[in-house]
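Presented below is the structure to which this report refers.
The values are calculated or read from the model by the stated rules, or taken from the named source; none is laboratory data. Keep in mind that this is a model prediction, so the values were computed, not measured. Note that we place each Cβ from the backbone using ideal geometry, even for glycine, and neighbour counts take in every protein chain shown. What goes into the accessible areas is simple: the full protein's heavy atoms, side chains included, and nothing from ligands, DNA or RNA. Shrake-Rupley method; radii C 1.70, N 1.55, O 1.52, S 1.80 Å.
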Amino acid sequence: MRKHPFQAMILAAGLGKRLRPYTDNLPKALVEINGRPILGLLLDKRKAEGCRRVVVNIHYLGSLITDYLATYPFEGMQLVISDESALLLETGGALRKAADLFLPELPVVVHNVDILSDLSFQDLLSQHLNSDSLLTLAVRRRQSSRYLAFNNDGQLTGWINRKTGETLGDVDEQLSDFFAFSGVHVASWSFFKLIKEMEEERPFSVIPLWIKLCKGYSIKCFDHSFSYWSDIGTPSDLEIARTNFRF
C-alpha cells in the first residue's frame, strides 16, 4: 500500500514543569526513554512512516534541542525550527507562528513531545483524507478531567472540564460521546490558512479555536483506545513509560 505523504510538527517548546527534577537543566524533548531522547524516538517514527518535513518549535533551553537536532540523521526528511525563544506561544500560538513553514497542500501531523504511542500515522491520515476533514483528532477512552464531545457522526461539538464544570460549544451529557484528546492530530493545509486569518501571533490554546471552527468545518475523531499510549507528564509517568515503552 502506498504511503500517504505528510509533514509534521512536534510541539517541543514547553517548560516541562511537571516533569521536574528531570527538566531542571534539560528540555522535556531530550529526557531519555531507555537511552534515547523522546524527540529522537518521535523523529524516528516520522521517518519510518514517510514524513517529508518536520517543524520543531523551541523555547525552554531551546539551544540544547537545536544542538541535538544538528546530530540527528535527517536523510529524506527536512527539518525546520520554529523559534519561540522570545515568547512561549502555547499550542494555538505555536501553530499560528509555524503556518508559513509547511509545504503547500500536504497534511500536517501535530504531536505533543511528551506523548508516546504506536498509533499509525498512516491509518490516521487515511481516515482524515477519506473524510476530507479540516482536522482529525486522535482520541482515547481514558480517565481525564477534560473531554472532547462528539456527535454520532464523530463530529466535534464541544469540550468539558469535569472538575470545574466549564464547557465550550455544545455538550450534551446524554447524546454526546466523550473522549480524551491524545495529544496528536492531523491538520489539513487549509487549517493553516484559516488560523492566519482568524488569529494574531500571540499565546493561545488551540482547543477554543477548534470549538469555534467545528460549527462550520468537519473536525472528526480518530479512536485509538486499543493502541499503546503514554503521557510523559510527570516523573511517575516517565518511569511507567520506561517500563512499558514498545514502539
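Odds and ends about this structure:
- Filter result for ASP67 (within 25 Å of PRO203 (Cβ to Cβ), over 16 Å from the mean Cα position of the chain (by Cα) and at pLDDT 95 or above): no
- Single residue of the range 208-234 satisfying the filter (part of a helix (DSSP H, G or I) and either without any contact (Cβ under 8 Å) to a residue 12 or more places away in the chain or open to solvent by 40 Å² or more (accessible area, probe 1.4 Å) (or both)) that is farthest from SER133 (Cα to Cα): PRO208
- Test result for LEU79, open to solvent by 30 Å² or more (accessible area, probe 1.4 Å), in a strand (DSSP E or B) and not small (Gly, Ala, Ser): yes
- Where LEU175 falls short, out of the listed (1) surrounded by fewer than 16 Cβ atoms within 10 Å (Cβ to Cβ); (2) in contact (Cβ under 8 Å) with a residue 12 or more places away in the chain; (3) within 20 Å of THR91 (Cβ to Cβ): (3)
- Within the range 64-113, being closer than 17 Å to PRO5 by Cβ and aromatic (Phe, Trp, Tyr) holds for PHE74, PHE102.
- Odd one out for ALA13 among (1) within 19 Å of ILE195 (Cβ to Cβ); (2) touching a Cys at 6+ places or on another chain (Cβ under 6 Å): (2)
- The residues in the range 178-193 that are over 15 Å from the mean Cα position of the chain (by Cα) and without any contact (Cβ under 8 Å) to a residue 60 or more places away in the chain can be counted, and the count is 3.
- The number of residues in the range 29-57 that are open to solvent by 10 Å² or more (accessible area, probe 1.4 Å) and either aliphatic (A, V, I, L, M) or in a loop (DSSP other than H, G, I, E, B) (or both) comes to 6.
- Just one of (1) crowded, with 16+ Cβ neighbours inside 10 Å; (2) in contact (Cβ under 8 Å) with a residue 40 or more places away in the chain fails for TYR147. It is (2).
- Consider the range 82-119 and keep the residues that are hydroxyl-bearing (Ser, Thr, Tyr) and open to solvent by less than 60 Å² (accessible area, probe 1.4 Å). The one that is farthest from VAL184 (Cα to Cα) is SER82.
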